[in-house]
Amino acid sequence: MVTKLIRGGTLVTASETFRADLLIEDETIRLIGQDLEPGGAEVIDATGRLVLPGGVDPHTHFDLPMAGTVSSDDHYTGHKAAAFGGTTTAIDFASQDFPSFAQCVDAWHAKADAKAAIDFSFHMNLTHFDAQVATDIPSLVGMGITTLKTFTAYNGRLRLQDGEIFRALRIAREHGMLVMLHAENGDVIDLLIADALAAGHTTPVWHARTRPAWGAVEATLRASALASQAVAPLYIVHMNAGGEVDMLAYARQHGVKVMGETCPQYLFFTEDELARPDGAKWVCSPPVRTRADNARLWAGLKDATLQTIGTDHCAFFFDGSQPIQYEGQPVAIPGKELGKDDFSKIPNGLPCVGDRLPVLWTYAVGAGKLTPNQFVALTSTNPARIFGLYPRKGALLPGSDADIVLWDPQRKVKYGVAHAQHRTDYNLFEGWELTGYPEKVFLRGKLIVDRERWLGTAGQGKFLKRGEGEVL
């Protein structure tokens, strides 16, 4: 048995902040208390440090084919970046690319299992629907996958019709599953993109202008109505518009079991970034909006209208024609330069999985927008509860996995691409001044990050079979 004693730190959970020692036996937390005796345990001095549960990112995309290329982080590089930022669990999305769900899940395991550097799970994209699919959905539960992602955009590729989403909601309800939804209006988007290109509008800012916020707002309310009529829970991903928060609040006030997620890009950036010469760096779907939308999202986090902060991490190179050095080897992957003459061909997605916790600590907790306990709830505990991982993940409790971050609240970092560890050539938060940063990160009791040192390995992450989650 391997034992470690984290001594003298201040534990921060979703509900409490208190001084205590924490004893780890092998992969789990054994005991929490005052002045614990080390016995033969390795003692780790956490004096002056905060002890947090490892972050749980409910929304990532690794090794994802798109727009004639593939996202630049795979399940090793993306997981490594996550770990440096204090995240120890990530949930990716398996694509519905094969006739059976078992084949789809096997294909994603083939991508992930040998590379995974933190613990992980999958959501299942539900992008076509017929009688056989309806029959087969419950089989996912036996594979440890209890979530389905649906879309009201990407016509002809990913979108389901409202009646199909309604049927999926009813099936999910019967089998303890949860439907997730990407809320935009695919019909309007397709028409506006065609209009923009016909008028010669090809720059990145038109990515936002052809995906108006009203489409997200009406799709959020429409999906909430479907959930109410199906008497089923619903989770809206990457909420980006203030009006979406208004619709979420309205639905929740009327008893609909609907929950919401936002992401750092929607809290800090606006369409103005897309108008910059390097605006392609900020191209993601849905797009970043306005300062007013930023403010409404912050308010929704503070008053618990929104339940989680994920990342929708889907990294691409800004200029994939120029290699970077990654672990001593040159790497170049075609990226956003593919759309230099046509915004509709820019791969949609941003690097953020390693940025989430450090940036939010300074600019949410440090700025007084969130308390430390809300920070832990939104980035760790709530995702674990919603997605059937709690209390194994997202908790500092006896019996929980020893996924632990020792956080130095005084450490100052000038942040950027060098710190972030993503396998790409830029960072959205380049030059931002941070106060507070992960110092040590443990995955099931194993030290995998020690300040600037990477001690982890590919394949050490475990696939997490999930059960039924909670509705928050």
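Assorted remarks:
- Residue in region 228-242 that is open to solvent by less than 60 Å² (accessible area, probe 1.4 Å), over 26 Å from THR60 (Cβ atoms) and touching a residue at least 12 places away in the same chain (Cβ under 8 Å) present: yes
- Residue match in region 445-459 (condition: over 26 Å from GLN329 (Cα atoms), assigned to a loop (DSSP other than H, G, I, E, B) and open to solvent by less than 10 Å² (accessible area, probe 1.4 Å)): yes
- Residue within region 24-34 that is in a loop (DSSP other than H, G, I, E, B), modelled with pLDDT of 95 or more, touching a Phe, Trp or Tyr at 6+ places or on another chain (Cβ under 7 Å) and within 21 Å of LEU443 (Cα to Cα) present: no
- Region 414-440 - residue that is in contact with an Asp or Glu (Cβ under 8 Å, 6 or more places away or on another chain) and free of Cβ contacts under 8 Å to residues at least 60 places away in the same chain and, of those, most open to solvent (accessible area, probe 1.4 Å): LYS414
- Residues satisfying the stated conditions in region 369-391, i.e. part of a loop (DSSP other than H, G, I, E, B) and either under 17 Å from SER15 (Cα atoms) or of a type in the set (A, V, I, L, M, F, W, C) (or both): LYS369, LEU370, THR371, PHE387, LEU389, TYR390, PRO391
- Given (1) open to solvent by 30 Å² or more (accessible area, probe 1.4 Å); (2) in contact (Cβ under 8 Å) with a residue 60 or more places away in the chain, index of the condition TYR326 fails: (1)
- Taking every residue in region 166-188 that is over 23 Å from ALA213 (Cβ atoms) and pairing it with any residue that is surrounded by fewer than 21 Cβ atoms within 10 Å (Cβ to Cβ) and of a type in the set (Phe, Trp, Tyr), at least 6 positions away or on another chain, the pairs with Cβ-Cβ distances below 8 Å are ARG167/PHE129; ALA168/PHE129.
- The single condition among (1) more than 29 Å from ASP63 (Cα to Cα); (2) part of a loop (DSSP other than H, G, I, E, B) that THR362 does not satisfy is (2).
- Region 154-188 - residue that is open to solvent by less than 10 Å² (accessible area, probe 1.4 Å) and in a helix (DSSP H, G or I) and, of those, nearest to GLY388 (Cα to Cα): ALA172
- Among residues of region 1-23, those that are more than 24 Å from ASN382 (Cβ to Cβ) and either part of a strand (DSSP E or B) or open to solvent by less than 70 Å² (accessible area, probe 1.4 Å) (or both), counted: 8
- Residue check for LYS281: more than 26 Å from THR89 (Cα to Cα) and touching a residue at least 40 places away in the same chain (Cβ under 8 Å): no
- Screening region 259-307 for helices (runs of 4 or more DSSP H) wholly inside it with 2 or more residues that are hydrophobic (A, V, I, L, M, F, W, C) and out of contact with any Pro (no Cβ under 8 Å at 6 or more places or on another chain) returns the ranges 264-268, 291-302.
- Hey, ARG49 of a type in the set (Lys, Arg), more than 15 Å from GLY394 (Cα to Cα) and within 29 Å of the chain's Cα centre (by Cα) or not: yes
- Matching residues in region 270-288 - criterion: being open to solvent by 20 Å² or more (accessible area, probe 1.4 Å) and in contact with an Asp or Glu (Cβ under 8 Å, 6 or more places away or on another chain): LYS281
- Some residue of region 342-363 being touching a Cys at 6+ places or on another chain (Cβ under 8 Å) and open to solvent by 10 Å² or more (accessible area, probe 1.4 Å): yes
- Inter-residue pairs, beta-carbon under 7 Å, first touching a residue at least 40 places away in the same chain (Cβ under 8 Å) and in region 294-306, second among the basic types (Lys, Arg), 6+ apart: TRP298/LYS369; LYS302/LYS369; THR305/ARG252
The values are calculated or read from the model by the stated rules, or taken from the named source; none is laboratory data. Bear in mind the structure is a predicted one, so any value in this text is a computation, not a measurement. Cβ: placed from backbone, ideal geometry, glycine included. Neighbour counts: every protein chain shown. The protein model used for the area step is the full one, side chains on, heavy atoms only, and it has no ligands, DNA or RNA in it. Shrake-Rupley method; radii C 1.70, N 1.55, O 1.52, S 1.80 Å.
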